[in-house]
Amino acid sequence: MVQAFVRGRRATRTRTTAVDIVIFLREICVLDFDLEDKKVYSLHLRSVQRFLKYQGYERGNKKGLSSYHLSKKNTVARDLYVQRMHPHVGSASRPAIVYTDESFVHHHYKCHNQSLYHPSDVLDVAQKEKHKVRR
C-alpha cells in the first residue's frame, strides 16, 4: 500500500515525505486521529518515520542516477581555481576565501532529490524530468 503510493508519486516526480504518507494513511482509514491535536499527530508521524526506516526507505535520489555533470570547460576552470587557492588554505594568515561562481547550484536544485524511495525496488522507475512545455 505504501509502496504503491511512493511509486505513484515518484512516477509523477512529486516529492514524497513521511508527512505525505501519514496523510495518505489517514485518508484511507489506516490511521485514525485528529489532525488538530499536535501531540497525537507527532506521535503518528514518528511511528510512520520508524516504519519507513524499518522497511528500508531512504531519502534522496537512487544511487547511480547522478544528474550532476560538469562540462569540460567547467572542469578546467574548477581545477585552475583549486590550484590557485591551495596555497592559501594551509597558510598561517589564512584570508577569507569566497567562491562566487556557484550560480548553477540554485538553478539545478531539485526538491525531488529529497523524496522517499526504496533502494531495492526494481519496479520503481522515476520519469525523466521534462524541460519543454506543451506549445
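The values are calculated or read from the model by the stated rules, or taken from the named source; none is laboratory data. Everything quoted here is computed from the prediction, not taken from an experiment. FYI the Cβ positions are ideal-geometry reconstructions off the backbone, even for glycines, and counts take in every protein chain you see.
Observations
- For region 50-60, taking the residues that are assigned to a helix (DSSP H, G or I) and aromatic (Phe, Trp, Tyr), the one that is surrounded by the most Cβ atoms within 10 Å (Cβ to Cβ) is identified as Phe51.
- Residue within region 46-61 that is of a type in the set (A, V, I, L, M, F, W, C) and either farther than 22 Å from Arg7 by Cα or modelled with pLDDT under 75 (or both) present: no
- Candidates in region 15-49 are the residues that are polar (S, T, N, Q), closer than 22 Å to His118 by Cα and free of Cβ contacts under 8 Å to residues at least 40 places away in the same chain; of these, the one that is surrounded by the most Cβ atoms within 10 Å (Cβ to Cβ) is Gln49.
- Scan of region 98-135 for residues that are modelled with pLDDT of 70 or more and either assigned to a helix (DSSP H, G or I) or surrounded by 10 or more Cβ atoms within 10 Å (Cβ to Cβ) (or both), ordered by number: Gln114, Ser115, Leu116, Tyr117, His118, Pro119, Asp121, Asp124
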